[in-house]
Amino acid sequence: MDDARDLDHDGQVGLGERVYAYVRHPHAHARSDAGPVKIGDQHPDGNAIARFNGRVAMLITRVVGTMYCFYLFNLLASASAKAAFATGDPTTIVNWASSNWIQLVLLPAILVGQNLQGAAADKRAAATYADAEAILHEAVELQAHLAVQDAALQAQDAVLADLISHITGAVAAPTPERTTS
């Protein structure tokens, strides 16, 4: 879309003197090409080691952050639960609960929740981006509308100036002198 469609070639509005010159903000150009920021865009882009570590971390998160992994870890933790409770020792039971069940089982559930939150954040970012684009479009339309109004006002000013000059010219014109006889 041509943001300056109602402006003449040098950005000048209207017929006479310059009233307003539209200059598009540099961020608007960059924003239109970039799109909304998403979680997947946040991978490290530094050196090769940072990129490799980022890929490995994302792979582990995708694999461990599933409900399948949650159920598998629950089975593994349950296998050792019988032995921990059979000892009757509170320390052994607390150790099993904290190291096996809480760390092993809850980790995938937390990662699943974070993945869901990340997807929701991506949807919010896309919606906010669309809202910002709509607002930018509305602002451009308002500028075009104002440009048309400026041109109309300047045309009216020219007509008014003409009328005033005619009126003042008629009043200022010398009147013929009367002769008395």
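So here's what we get for this one:
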item: Some residue of segment 89-101 being surrounded by 14 or more Cβ atoms within 10 Å (Cβ to Cβ) and touching a Phe, Trp or Tyr at 6+ places or on another chain (Cβ under 7 Å); result: yes
item: Criterion: over 27 Å from A121 (Cβ atoms), modelled with pLDDT of 70 or more and among the charged types (D, E, K, R) - qualifying residue of R62, R55, R24; result: R24
item: Test: residue in segment 69-89 that is closer than 19 Å to Q114 by Cα and in a loop (DSSP other than H, G, I, E, B); result: no
item: Selected residue (only one of G46, G113, G88 is free of Cβ contacts under 8 Å to residues at least 40 places away in the same chain and on the phi > 0 side of the Ramachandran plot); result: G88
item: Leading residue by the ranking (modelled with the lowest pLDDT) among those in segment 122-181 that are of a type in the set (S, T, Y) and not in a helix (DSSP H, G or I); result: S181
item: Any chance G46 is modelled with pLDDT under 80, closer than 30 Å to N115 by Cα and among the small types (G, A, S); result: yes
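The values are calculated or read from the model by the stated rules, or taken from the named source; none is laboratory data. These numbers were taken from a predicted model, which means no experiment stands behind them. Positions of Cβ are generated from backbone atoms using ideal geometry, with glycine treated the same way; all protein chains shown enter the neighbour counts.
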